[in-house]
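Data first, discussion second: the structure below is written as structure tokens.
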Amino acid sequence: MFSDINIFVIIFTMNHDDELLQCFDENGNPTEARPRSEVKQEPYRFWYGTARVWVVNIQGQLLVSKRADHLVGNPGKWESYFGGHVSAGDSFITTARRELAEEAGIDVPESDLHFIDKGRNEDVRAFFENYAVLWNGNPKDLPFPDGEVTEAKWMNMDDYWKQAQDHIKWCCRCHPHQQKLILEWVESIT
């Protein structure tokens, strides 16, 4: 049987386009797995899933991160969450936990992830689920194990939203209704 570390090594030694993504029907029910290269090919024929995690601290600040310059999608831009595609056989919450550990080095149990919202993007045939997690660490201590992130910092929500309007420097936003849900959750647990 594979351990988590074996699976991690297998995933990162595969060609990125060969990664098997979980596909869904138009109602969000899991169907078959297909290679990323097929799923992401335009025109889009297959529904896929993504999971995102916003990291917040007890003060309600958002941990934002800078994407590595070598990435194909939005290189060198700042983003508000950690996340990625749902791999074959995985759930959204499992994906959220895995991506948080791979991208930031923050390893938490699934029970620490708080569901924020879900939806679908018709343009690219993607379902998404969003989560938040409370973490009060120092961003300078994060290892960024998979090399997709190069730095991170805390920002209060107002400053974040003002800066996130700059599409040259920012991608992957946390919208005002999501910020509200996150802050309400933080207040309810503190």
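Let me check against my output: what whole-number percent is the relative contact order of the stretch 49-189, with C-alpha pairs under 8 Å and at least 6 apart?
Working: 270 pairs, mean separation 46.0, N = 141.
The normalised contact order for the stretch 49-189 reaches 33 percent.
For a footprinting-style exposure proxy, rank I116, I168 by other Cβ within 10 Å, fewest first.
Working: I116 20, I168 7.
Lowest count first: I168, I116.
Which distance in nm do the two modelled labels at K153 and N138 give, with both placed 7 Å along the Cα-to-Cβ direction?
1.7 nm
Looking only at the stretch 57-86, which residues have a backbone nitrogen under 17 Å from a spot 7 Å from the Cα of K169 in the C-beta direction?
Once the point is set 7 Å along Cα→Cβ of K169, 62-69, 75-81 turn out to lie under 17 Å by backbone N, inside the stretch 57-86.
Among all stretches of the chain without exposed GluC sites (Glu not before Pro) (DSSP loop, at most 15 other Cβ atoms within 10 Å), which one is longest? Can you show the working numbers first?
Working: sites that count: E26, E122.
Free of exposed loop sites, the longest segment is 27-121.
How tilted is helix 4-13 with respect to the longest principal axis of the chain? Cα atoms for both, answer in degrees (0 to 90, nearest 10).
Here the helix axis deviates by roughly 70 degrees.
Taking the Cα centre of the chain as origin, sum charge times position over the Cβ atoms of Lys and Arg (+1) and Asp and Glu (-1), and report the length of that vector in debye to the nearest 20.
Using Cβ point charges on Lys, Arg, Asp and Glu, the chain gives about 420 debye.
Mind checking which of I93, I58, I106 has the largest fluctuation in a GNM of the chain, springs on alpha carbons under 10 Å?
In the Gaussian network model the winner is I58.
Find out how many positive minus negative residues lie around S91, taking Lys and Arg as positive, Asp and Glu as negative, among other residues whose Cβ is under 11 Å from that of S91. Walk me through the intermediate numbers first.
Values: positive: R97, R98; negative: D90, E110, E129.
So the surrounding residues net to -1.
Quick one: if the Förster radius is 22 Å, what FRET efficiency do D123 and D17 give, using the C-beta to C-beta distance and rounding to 0.05?
Details: r = 21 Å, r/R0 = 0.96.
Step by step, r from the Cβ atoms, then E = 0.55.
Give the residue list of trypsin sites (Lys or Arg not before Pro) in the stretch 116-188 that are DSSP loop and have at most 13 other beta-carbon atoms within 10 angstrom.
Values: sites: K118, R120, R125, K140, K153, K162, K169, R173, K180; in loops: R125, K169, R173.
Here the sparse-neighbourhood loop sites are K169.
Most exposed first by the Cβ proxy, i.e. fewest other Cβ within 10 Å, how do D18, D159 rank? Working shown, then result.
Values: D18 9, D159 13.
Lowest to highest Cβ neighbour count: D18, D159.
Each value in this text was obtained by applying a stated rule to the coordinates, not by laboratory testing. Since the model is a prediction, treat every value here as computed from it, not as a measurement. Heads up, the Cβs are rebuilt from the backbone with ideal geometry, glycines too, and the neighbour counts pull from every protein chain shown.
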